[in-house]
Every structure is written in structure tokens, then in C-alpha cells.
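Reviewing the structure listed below.
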Amino acid sequence: MRCNYCRIGRYQPTTVPYYSRFAQRIMVIPHVPAQKCDVCGHVSHDADFILRMQYMLDELTAVTVDPANITPPAAPNQNDDWYTSRRSS
């Protein structure tokens, strides 16, 4: 596959460290599957790895919500000018 950055080189499979900020700290994961351009050195991380990392980080930072504290949204007021009705007046 051709490099998306320089458009000359070709990506070669390799492993590289992955750096990311998480909770005011820097997270480093070694030996992450990636593709590296043989001409310019541009690195493209594996899409499956990125999706799994995003899922794990979302799970770590998820806020638990008590369903008992959720209130349904109020119904729109039919007397407002912006409210459109299917009924003819």
C-alpha cells in the first residue's frame, strides 16, 4: 500500500510504541502493530488496535448514571408559535 503522506513509499508492517494522554498522564504501550513508510518514515497505526484502545479508554472514563435519577424531557408546549401540529386548527 502506498504512503498517504509522501505518496512515494510503501508501508511495511512493523511494531512501534503508542503514546497517548490519559488522566493527565502519558500512557505508553510498546510493540503496537503499525505500518511504517519505507521512504519518509510516516507511521500508520493499526485501525483495530486504535478502536480497541478507544473502547478501553471509554470504559475506564465512563461515568455511571443511576437510572432512578434520570428524568424524561418535558413535552413541547402546543401553544408556542414554533410548534407545528398535524391537526388543522
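The values are calculated or read from the model by the stated rules, or taken from the named source; none is laboratory data. This is a predicted model, so every value here is computed, not measured. Don't worry about glycine lacking a Cβ; one is built from the backbone with ideal geometry, like all the others, and counts go over all protein chains shown.
Being at pLDDT below 85, assigned to a helix (DSSP H, G or I) and surrounded by 10 or more Cβ atoms within 10 Å (Cβ to Cβ): is that true of L51 here?
No; evaluated as a whole, the condition is false for this residue.
Being at pLDDT below 80 and either touching a Pro at 6+ places or on another chain (Cβ under 6 Å) or surrounded by 10 or more Cβ atoms within 10 Å (Cβ to Cβ) (or both): is that true of Y83 here?
yes
Determine if segment 14-26 includes at least one residue that is surrounded by 11 or more Cβ atoms within 10 Å (Cβ to Cβ), free of Cβ contacts under 8 Å to residues at least 24 places away in the same chain and among the hydrophobic types (A, V, I, L, M, F, W, C).
no
If a residue has to be part of a strand (DSSP E or B), of a type in the set (K, R) and more than 19 Å from the chain's Cα centre (by Cα) to count, how many in segment 1-41 make the cut?
Qualifying residue count for the region: 3.
Condition test on P72, is it modelled with pLDDT under 70 and either touching a helix residue (DSSP H, G or I) at 6+ places or on another chain (Cβ under 7 Å) or of a type outside the set (G, A, S) (or both)?
So P72 passes the test.
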